[in-house]
Amino acid sequence: MTNFMVAITHIGSPQMMLLLTFFLVVFMWHHKKPHHLFQFALFMILGAVSVYLLKIAFKIPRPAGGLITEYGYGFPSGHAAMATLFFLLVIYTYRTHFEQAIARFLFVTGSLALIGIISYSRIYLGVHTPTDVIGGMCIGTLWFVFSIWFYKWLLKAYPNLGSSLGEETIK
């Protein structure tokens, strides 16, 4: 079980989140989704910076004796925050791209399950407390809510942004 949790926790690592964000932003550019591209890129950066600043501000140590070694402060969990933000943004961006209800259900459920299992892996591996993880998930959710507001504002403020990139309709 520990090897599985180590593999899962790597999905939520800063390096993997950066890589996944890069590929998704390129994918959005290629598919002419500029409003979502800006929303996604901006809020993943804001989420990462805020986690870093909160860790420095709170200076809460990690639990001792974890199954893996991590450095830095514990609160909030960056893995939980960034996985929550990333996968909620993915759900928000692509939820309407599934015509069949079962496919949409599996997409949303799978994305939410990844948030849960990545977050739980941090507790299982002993590198975060439940409070660290819940705090991270709350921060990711908060940035997600702000990103929806930003996306709606972006659509109103720059309605022709998509057409300048060849996008016919903006969802």
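The values are calculated or read from the model by the stated rules, or taken from the named source; none is laboratory data. Everything numeric here is computed off the predicted structure, so don't read it as measured data. Counting neighbours? That spans all protein chains shown, and the Cβs are built from the backbone with ideal geometry, glycine included. What goes into the accessible areas is simple: the full protein's heavy atoms, side chains included, and nothing from ligands, DNA or RNA. Shrake-Rupley method; radii C 1.70, N 1.55, O 1.52, S 1.80 Å.
When restricted to residues that are of a type in the set (Phe, Trp, Tyr) and either closer than 17 Å to Thr96 by Cα or not in a helix (DSSP H, G or I) (or both), segment 21-45 contains 2. Taking every residue in segment 1-23 that is over 9 Å from Ile118 (Cα atoms) and pairing it with any residue that is open to solvent by 60 Å² or more (accessible area, probe 1.4 Å), at least 6 positions away or on another chain, the pairs with Cβ-Cβ distances below 9 Å are Met1/Tyr124; Thr2/Leu67; Thr2/Tyr124; Val6/Leu67; Met16/His10; Thr21/Ile45. Restricting to segment 106-127, name every residue that is without any contact (Cβ under 8 Å) to a residue 12 or more places away in the chain and either of a type outside the set (Gly, Ala, Ser) or closer than 9 Å to Ala80 by Cα (or both). Correct list: Leu106, Thr109, Gly116, Ile123. Counting only helices (runs of 4 or more DSSP H) that fall entirely inside segment 55-171 and contain at least 3 residues that are closer than 19 Å to Leu18 by Cβ, the qualifying elements are 78-94, 101-124, 130-157. The numbered conditions (1) surrounded by fewer than 16 Cβ atoms within 10 Å (Cβ to Cβ); (2) of a type in the set (Asp, Glu); (3) at pLDDT 95 or above are all true for Glu168 except (3). Here Gly47 does not fit the description of being surrounded by fewer than 17 Cβ atoms within 10 Å (Cβ to Cβ), in contact (Cβ under 8 Å) with a residue 24 or more places away in the chain and of a type in the set (Gly, Ala, Ser). With respect to the conditions (1) surrounded by 15 or more Cβ atoms within 10 Å (Cβ to Cβ); (2) out of contact with any Lys or Arg (no Cβ under 8 Å at 6 or more places or on another chain); (3) not basic (Lys, Arg), Thr69 falls short on a single one, namely (1).
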